[in-house]
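As structure tokens, the structure follows; a few thoughts come after it.
Please treat every number below as a calculation from the coordinates, not as lab data. Treat the numbers as computed from the prediction; the structure is a model and nothing was measured. Every residue, glycine as well, gets a Cβ built from its backbone with ideal geometry; the counts of neighbours run over all protein chains shown.
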Amino acid sequence: MVQETLLAAWRGRDRFAGKSSVRTWLVGILKHKIIDHIRKEIRDRKLSEAVKSDPTSSLFNADGSWIEAPENWKENPQELCENEQFRHVLQGCIAKLPEKQQIVFRMREISGEDTETVCKEAEITPTHLHVLIHRARLALRTCLEFYWFGGRRS
Amino acid sequence: MNHFCREASQLQSDAFERQLTLSEHIRLRIHLLICEACRNYADSLKLLNSFFHNLRKQVQQDEGITLPDSDRERIKEALSRTSDSAG
């Protein structure tokens, strides 16, 4: 950061008006550098959170088609239900979901609460709930395809 | 022809949550006729749905309860912590 400041000062030395001391001028540049850095940090963090909470950007091309087409799963839900190993993998995949998606998904699919109850408890609109559940399903399916269905085929 | 996949995946999930409008329903049906990838996605959602259905039935038989109050409180608490994030 200090190096960048000195570099910026060197490049901009013609603009130094001499109205303030060199020290004040340098500190001023440093402040701007720090603010820029923090802004960039926040932007990067928001971006990575957005990607994590919205799997659609990593699963679909810009034109709306699948990047990797979903495979055909041939399993019996009743057998899966009795399969300890599958339940273990599923738990792991659910645990990977972003917190809010995980909470509403668990309430909806595992506890079997109706939409109205989930919305009330989570203080969200039905539309928001549908988006969260949709994202959770996409992410869960991708995770299961990788850790369960894909692994068993190969 | 596959440009509808992203929207179709949302509609397929929504179909478990709400009644689709007639136009949504028709668009989705037509797309599923021509798109194998989305048919596979549909099948996997159905599979997961019946899996969770079976699981709930099993849990209810085992315990005769849905969600303990302590869990309910914990969920509420966690939600109030994350309510400002987009999720």
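The Cα atoms of the range A:61-110 give a gyration tensor whose axes a ≥ b ≥ c have a/c of 1.5 or more with a/b no greater than b/c, which makes the shape oblate. Entry note, chain A: the mean residue ellipticity at 222 nm calculated from DSSP H runs of n ≥ 4, each adding -39500 (n - 2.57), is -20000 deg cm²/dmol after division by the residues and rounding to the nearest 500. Rg and Dmax over the alpha-carbon atoms of the range B:5-82 stand at 17.2, 48 Å. Calculate the FRET efficiency for B:N49 and B:K76 from the Cβ-Cβ distance with a Förster distance of 30 Å, rounded to the nearest 0.05. After rounding, the FRET efficiency stands at 0.70. Helix B:69-82 and the longest principal axis of the C-alpha atoms of chain B enclose an angle of approximately 60°.
Modelled spin-label separation between A:D36 and A:Q91, with each label point placed 7 Å from Cα along the Cα-to-Cβ direction: 5.0 nm.
Working note: Debye formula, equal point scatterers on the alpha-carbon atoms of chain A, no solvent; log10 I(q)/I(0) at q = 0.10 Å⁻¹ is -0.58. Computed from Cα atoms, the angle from the helix A:2-11 axis to the main principal axis of chain A rounds to 50 degrees. Dividing the summed -39500 (n - 2.57) terms of all DSSP H runs of n ≥ 4 by the residue count of chain B sets its mean residue ellipticity at 222 nm at -25000 deg cm²/dmol.
Based on the alpha-carbon gyration tensor of the range A:75-153, what equivalent-ellipsoid semi-axes (square roots of 5 times the eigenvalues) come out, in whole Å, largest first? Provide the component values of the computation, followed by the final result.
Values: eigenvalues 128, 35, 19 Å².
Equivalent-ellipsoid dimensions as semi-axes: 25, 13, 10 Å.
A dipole drawn for the range A:1-128 from +1 and -1 charges on Cβ atoms has a positive end, and of A:T115, A:N72, A:T56 the residue lying farthest that way is A:T56. Projecting the Cα atoms of B:I34, B:Q58, B:L20 onto the charge dipole of the range B:5-82 (Cβ charges, centred on the Cα centre) puts B:I34 farthest toward the positive pole.
The Rg/Rh ratio for the range A:2-53, using Cα coordinates for both the radius of gyration and the Kirkwood hydrodynamic radius, is 1.22.
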